[in-house]
C-alpha cells in the first residue's frame with residue numbers, strides 16, 4: 001500500500017515538473033462525453049516509473065508466495081498434531 005502511494009506521489013510531482021506526459025484514450029462516447037479507460041505515461045521519468053511499478057509487482061508476488069507458504073506450513077503442522085492426538089488416543 002505504501003509503494004502505491006509512493007508511485008501516485010511520484011506521478012503527481014513529475015507531471016507538475018513536466019518530466020512525465022499523461023496520454024488518455026477515449027474508449028467509449030456516451031452523449032458526447034468521453035469515458036477514459038486507458039491512461040499511458042511517457043517522458044523523461046518513464047524509466048523510473050517503470051522501475052517503481054516493477055518493484056511493487058515483485059513485492060506483491062513475494063507477499064503472495066509467503067502467504068501461500070504460511071498456509072501450507074500451518075496446515076502441515078495441524079495435520080502433524082492431529083496425527084499425534086490420534087496416536088495418543090489409540091494407546
Could you tell me which residue of region 14-36 is surrounded by the most Cβ atoms within 10 Å (Cβ to Cβ), considering only residues that are out of contact with any strand residue (DSSP E or B) (no Cβ under 9 Å at 6 or more places or on another chain) and assigned to a helix (DSSP H, G or I)?
-> 17
Output the residues belonging to region 37-54 that are in contact with a strand residue (DSSP E or B) (Cβ under 7 Å, 6 or more places away or on another chain) and exposed (fewer than 15 other Cβ atoms within 10 Å of the Cβ).
-> 37, 38, 39, 40, 42
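Quick note: the coordinates plus some simple rules give every number you see, no bench work behind them. Quick caveat, the model's predicted, so the values are computed rather than measured. Glycine gets a Cβ as well: all are built from the backbone with ideal geometry, and neighbour counts include every protein chain shown.
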